[in-house]
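Below is one structure, written out as structure tokens, with a few remarks after it.
The values are calculated or read from the model by the stated rules, or taken from the named source; none is laboratory data. Values in this document were obtained by computation on a predicted structure and should not be read as measured data. Counting neighbours? That spans all protein chains shown, and the Cβs are built from the backbone with ideal geometry, glycine included. Accessible surface areas use protein heavy atoms only, side chains included; no ligands, DNA or RNA. Shrake-Rupley method; radii C 1.70, N 1.55, O 1.52, S 1.80 Å.
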Amino acid sequence: PLRRSIKIGERNSRAPPANVESPQATRSLRESMGGSPYTSGWGLVFFISVAAAVALSCLSCKGDGTGKGGHGPDREFRAFQRTYLAVYYLAMLADWLQGTHMYALYSSYGLSKDNIGNLFIAGFASGAVFSTVIGPFVDRFGRKAGCVLYCVLEILINALEHFDTMPPLLVGRVLGGISTSLLFSAFEAWLVSEHRARKFPEQWLERIFSLNGALNGITAIAAGLLAQFLTVNLGMGNIGPFRGAIALTVLALFQILPWDENYGDRTAEVSASLRLAVGTMSRQPSLWLLGIVQSLFEGAMYTFVFNWVPLLEPLAPQSKSPFPHGLVFACFMLCIASGSSIFELAGRRLDSRHILALTLLVATIGLATPVLATSFAAVLGSFCVFEACCGAFGPGCATLRSRVIPSNIHSTVLNLYRITLNLAVVAGTKGSTVASSNTLFAACALALALATACQVALNADPRVRSAAEVAGKSD
């Protein structure tokens, strides 16, 4: 378009001299470049986000302390790390890929907004109901088996998305609640148990968790680009990302098959494992305190996901161009990557439990800001800060879970945590239909303040101390 406008200008005898830039020419140039009066501002925000993410990632990867010289345990650990991360990121890429066009796909089927909302709620409700069974199942029959089951379910779910009627789509969403519980419990339980079975140092586990968070944001952006390629360039339409998710999940499945299996308590029945987990949580305040922290934070996070657009969009500078949702989303994902890298860097001086408390405090301020401020820049900045906190919270909470949850009931406890999380998400989703955005963000800020208080109380429990700190105190 720019080249075409230059040629037209050369043929136009009434065009202004080359060294004179008229307002009309400036506006035309911006429109020809697909921009808006504040395109340069968005470009600057995006550039800063990219630069921060790349710089922090490079710093966190330098001198990670996992060995010396690439020999012995270091080389073995890196091979183990690559084995796990390759599968995990294929699974996460497939998961992100579905989210890019799920609403658009359902709309193209002619479903009403209410029916689409009911499908989403069915998924979260399913996760809350089946979490009580999934955790004990994975601990008894194997964490690797849980990962394999996740892949099988995801392939089936994405196949069901090809139907344009409500019943098969509803079945797919119910199965989606089950598969999501497996994704966020079976993989972590396998990783923690296998890491310890191979006798790697505990602090190296934190390294994997921080990489999970840092690369997850990049994976989300890659999913957006891949979805665009499948829908437009390959002409598959809105169903394209779901077909891509099937292919990625099949690849993940084949890489899981060579994994070693590990278990929790293989002799206990499902009901017995559930009773053991509930009894252990009742005796150890650190377990239920951590569950409250996780549920409050992730409930606020999902409420933010559903409500950031209606709050931010009206505050944006006036422009003829549409609001750049994709660019803002990309900035958010890069902030998540930056947050995970900040966690990795801060972890060299502070313990994970202290980093998590600071993260929750900053996140509280981040979601309280939109309630008090009306400036577009302030609100956008606070949202970026909150997304960075999301990036730091993931590895921090995973590290504490690995310390306080007993290995034999790891998956069971994780799924018990997801019951309250799914209920919080359903409440946040329904709340967006009856409450204003300011009210919802105020509620999220209060929830995060409560999570901060719970984390401070949790930090006083000796069970959440790192192995190195415990060893130092015993000396």
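Does A378 satisfy the condition of being farther than 30 Å from A122 by Cα and hydrophobic (A, V, I, L, M, F, W, C)? Even if it seems obvious, please write down each step before you answer.
Details: farther than 30 Å from A122 by Cα: yes; hydrophobic (A, V, I, L, M, F, W, C): yes.
Yes: the conditions hold for A378.
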TODO: Please go through the stretch 297-313 and pick out each residue that is in contact with a Leu (Cβ under 9 Å, 6 or more places away or on another chain) and open to solvent by less than 40 Å² (accessible area, probe 1.4 Å).
DONE: F297, E298, G299, A300, T303, F304, N307, L311, L312
Task: Criterion (surrounded by 18 or more Cβ atoms within 10 Å (Cβ to Cβ) and within 29 Å of E387 (Cβ to Cβ)) met by exactly one of V192, V138 - done: V192
- [ ] Take E298 and decide whether it is modelled with pLDDT under 85, acidic (D, E) and assigned to a helix (DSSP H, G or I).
- [x] no
- [ ] Keeping to the stretch 200-235, report how many residues are polar (S, T, N, Q) and open to solvent by less than 40 Å² (accessible area, probe 1.4 Å).
- [x] 5
Task: Those residues of the stretch 135-160 which are under 18 Å from Y88 (Cβ atoms) and either assigned to a loop (DSSP other than H, G, I, E, B) or among the β-branched types (V, I, T) (or both), in sequence order - done: V138, G142, V148, V152, I155
TODO: Report, by residue number, each residue of the stretch 375-428 that is farther than 17 Å from L312 by Cβ, of a type in the set (S, T, N, Q) and at pLDDT below 90.
DONE: S402, S407, N408, S411, T412, N415, T420, N422
Task: Output for the stretch 183-208, where each listed residue is at pLDDT 85 or above, part of a helix (DSSP H, G or I), in contact with an Asp or Glu (Cβ under 9 Å, 6 or more places away or on another chain) and not small (G, A, S) - done: L183, W190, E194, H195, R196, W204
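Does any residue of the stretch 74-83 turn out to be among the small types (G, A, S) and at pLDDT 85 or above? Break it down stepwise before answering.
Looking only at the stretch 74-83, we keep the residues that are among the small types (G, A, S), and these are 79.
So of that shortlist, the ones also at pLDDT 85 or above come out as 79.
Scanning the stretch 74-83 turns up at least one residue that is among the small types (G, A, S) and at pLDDT 85 or above.
Mind checking whether some residue in the stretch 348-366 is in a helix (DSSP H, G or I) and among the acidic types (D, E)? Write out each step before concluding.
Filtering the stretch 348-366 for residues in a helix (DSSP H, G or I) gives 352-366.
When the remaining residues are screened for being among the acidic types (D, E), the result is none.
Scanning the stretch 348-366 turns up no residue that is in a helix (DSSP H, G or I) and among the acidic types (D, E).
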Task: Criterion violated by F163 - all others in (1) free of Cβ contacts under 8 Å to residues at least 24 places away in the same chain; (2) assigned to a helix (DSSP H, G or I); (3) touching a Leu at 6+ places or on another chain (Cβ under 7 Å); (4) open to solvent by 20 Å² or more (accessible area, probe 1.4 Å) satisfied - done: (2)
Task: Matching residues, the stretch 236-266, being touching a helix residue (DSSP H, G or I) at 6+ places or on another chain (Cβ under 6 Å), open to solvent by 20 Å² or more (accessible area, probe 1.4 Å) and either hydrophobic (A, V, I, L, M, F, W, C) or under 17 Å from S179 (Cα atoms) (or both) - done: M236, I246, L248, L251, L253
